[in-house]
Amino acid sequence: MTIRIQQSLRRALLSLALAGCIAPQLHAQDNVFTGTNTGADRVRIAAADFRGGTPDAAALKRTFDTVLYSDLGNAGVFDLVSKSMQPQATPGAPAEIRLADWGGGTTNAAFVAFGSFSINAGRAVVSAYVDDTHNAQFPQVLGKQYTEAADENGARTIAHKLADEIILRLGGGIPGIAESKIYYVHAGGGSKEIWAMDYDGANAHAVTNLGTISISPRVSPDNSRVAFSSLGKYGFQIRVFSLLLNRMVSFPDSSGTNLSPAWSANGQLAYSSSRSGDPEIYVSDGSGNSARRITNSRGPDVSPTWNPKTGSQLAWISGRTGLPQVYIMDTDGAGVQRMTDTGYATSVSWSPNGQFLAFAWDRKYGPGAPGGQDIYLMDVASKKWIQLTNGIGRCDFPSWSPDGRHIVFAVGSGARAEVWTMLADGTGKHKLAGTGSDMPNWSFR
Amino acid sequence: MPAVQEPTRTGRTTKQNFVVALALHGIIIGGIIGSAYVFHKTGDAWGDKADVTGAVQATMVSSVPLPPKVQPTTDNVLASESPSPVPPPPKAAAEPPPKPTDIPIVVKQPDKKQPPKTAEAPSPKPPEHPQPAKPQPDKAATGETAGLRVAMTAVENRAGTSSTNVADSAFGQRYAYYVRALTQKVAQQWFTQTLDSGAPGHRVYISFRVERDGTPSQIQIAKPSGDATLDASALRALQRIDTFGPLPDGYNGQYINVQYYFDPKQ
């Protein structure tokens, strides 16, 4: 637009006596960004600092408090009272808490989580309680005791378990995600390996060590195996790593390029293979036997994902009409339906409740177009979509959390990619893993 | 006196004037035409490049967050949308035709009884309209959600009031948080776009069971409202729900019976 203004000014100077109308070109930017706020009140909960028993527990207790607070905040279902607005008391048992302090004033919390954290014979013991501040007669909602090893990992685990329990009881029946893991690709030293981390970005560690390019990791529904595509002697092959045995397990090789494995809820595997010359979608069992082909069209068919609710549908990306678009079909290949109609769509992921598809879409694709690839949400039944990201960079590889409230995705490309997470309405974006992390996948549980 | 020399002036002939005028006109016209070439717009006009002409891209919403309808207060007659209970002005009574004996004609008639003065026809009493019964407030006057009375919690949501009545009263006292979460979850799933805003606001009572693992079952209409759309929307709200969350651990029973009413306030 600035160039046009300079040209216009130059032309205006050349023709002083003439009344020329110069209408500047307006390039309307169409961004759609909405939220899915249904207007219902969120439960207001206060997480008190737990009472520390012994002095050596202080450091671990601080970790525990921080992790519990961030877990409850990340859940997306609570209105969490900020630490500065709540009483400074640290009640350790139900008899010690004064509900009036927590239920009124600036705190105004409907529920309080409190308890005691102590180390007993080398084990961290946590007694946790959740009280309802408005029910003076029967305040207790939850009373649990946890025991783990007395180290950082143990404190985090207890905090995650407690947060999951609170989310299950108070968050509307859907279990929390605090114990779920994210598997992703870590690029470094010339190779790409599969790494894993907690859902909040902690505990990042390597899973595979193959020394080659390994991409698109997908963990199985029972958290026992990770399937991914790895560049071997004969091209890209599907490989499976067993998390229980801590080693690779066998998966039959096949010719062509085999990419993007996807687990169904009942243990089947769908992947894209070009063994017939053209990439098509194949479905096999978890060990790679009885592979059968279910798409049959010219043009690449890649990136399948199952419907987690019913297990009877697949969504995938097909280039049968030119640019890659999102399609859905039944597991036997019938009922092919096209979902997107324009642009360049990739990396589709189906939400756990079966209602939405999340995918990366470049709606204005082509020479001279503004471009910009962002994460979009589409309602499967009505094909209406919302844009979730805008202006943070090139977004790709969205993956749903098991509670259907969060989406993890990659921002940037290549060596500068990062893994970010957000709530499913596009708010609450923050970074989970730094540069060199790509292609995240959230576990089923 | 020295002669004032008038400066010589080159007179322009008419022809010369005409040519000059023509030239100036030519410059102006040529300039206009030239500017059309110079300033010709290349590229798209606004909106040309759009893939979808016309309408804004549709946004996906599963429920439209309508602003809460402000309930008109029936106390203040001026603010009410519905007709106020003030009785209509009394009908002007038709004047009875004057009797011929109304106007006394002075006639000398002794012992003539005075013409009976007819009383004015009493205007009919204005018909009494039945006053509309004031709706009983079903929530606290301060606007907060109802306190934890015996096994009854009411939630005010954007569409109306929903209330649960758990058959086992001890459950509602002991596990009030569960009843509150249940109420709120159903209220969230109740979509009211299909409701007829002109239909009279009756209540539909739905009864269902919540099993041990939190799934609703045996969803039935306990008392229909007379408005089939309202009944159907209430049933669908419950059918949409997968689970309310497992029943509290301290509760020994296998299920709870819940009766839930949906009331769309106008």
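Binning at 5 Å from 0, report for the range B:185-266 what percent of all alpha-carbon pair distances ends up in each bin. The calculated distribution, bin by bin, is 3, 15, 25, 22, 14, 10, 6, 3, 1, 0. Per the Cα gyration tensor, the range A:181-442 maps to an equivalent ellipsoid with semi-axes of 24, 23, 18 Å, ordered largest to smallest.
Of A:LYS383/A:LYS431; A:LYS61/B:LYS185; A:LYS192/A:LYS309; A:LYS384/A:LYS429, which ones are farther than 27 Å apart at the Cα?
A:LYS383/A:LYS431; A:LYS61/B:LYS185; A:LYS192/A:LYS309
Residues whose amide H falls under 5 Å from that of A:ALA433, counting only those 5 or more places apart or on a different chain, are A:VAL419, with hydrogens built in the peptide plane. Taking each residue as 0.36 nm, the span from A:SER242 to A:SER82 lengthens on full extension beyond its C-alpha to C-alpha distance by 53.4 nm. Partner shielding of A:138-149 amounts to 2, given as the average count of beta-carbon atoms from other chains within 10 Å of each residue beta-carbon. For the range A:181-442, the residue among A:SER401, A:ALA265, A:MET378 whose Cα projects farthest onto the positive side of the dipole built from Cβ charges is A:MET378. The value given for the range A:105-188 is a Kirkwood hydrodynamic radius of 14.7 Å, derived from the mean inverse Cα-Cα separation. Calculate I(q)/I(0) for chain A by the Debye formula, one identical point scatterer on each C-alpha and no solvent, and give its log10 at q = 0.09 Å⁻¹ to two decimals. Results for chain A at q = 0.09 Å⁻¹ read -0.67. With both labels modelled 7 Å from their Cα along Cα-to-Cβ, the B:GLN16 to A:ALA265 distance reads 10.0 nm. The distance separating the Cα centre of the range A:168-233 from that of the range B:189-219 comes to 41 Å. With a cut-off of 19 Å on the backbone N, the residues of the range A:159-188 near the modelled label site 7 Å out from A:ASP151 along Cα-Cβ are A:159-161. Kirkwood hydrodynamic radius, the range A:213-294, all distinct C-alpha pairs: what's the number in Å? After inverting the mean inverse Cα-Cα distance, the result is 12.5 Å.
Per residue, chain A reaches -4000 deg cm²/dmol at 222 nm when only DSSP H runs of four or more residues are counted, each adding -39500 (n - 2.57). Within the range A:232-276, which residues have the backbone N less than 12 Å from the label spot 7 Å out from A:ASP285 along Cα→beta-carbon, could you tell me? Output list for this probe position: A:267-269.
So if R0 is 56 Å, what FRET efficiency would B:THR194 and A:ALA334 give, r being the distance between their Cβ atoms, rounded to the nearest 0.05? With a Förster radius of 56 Å, E is 0.95. For the residues of A:164-174, the average number of beta carbons from a partner chain within 10 Å of their own beta carbon is 4. Computed from the alpha carbon atoms alone, the convex hull of the range A:261-365 holds 87 Å³ per residue. Peptide B:173-185 shows a mean partner chain C-beta count of 5 within 10 Å per residue C-beta.
Each label point is 7 Å from the Cα along the Cα-to-Cβ direction; what then is the distance between the points at B:ILE32 and A:THR106, in nm? Label at B:ILE32, label at A:THR106, 7.2 nm between them.
Coordinate-derived values only; no laboratory data. Computed from a predicted structure; not experimentally measured. All Cβ positions, glycine included, derive from the backbone under ideal geometry; neighbour counts span all protein chains shown.
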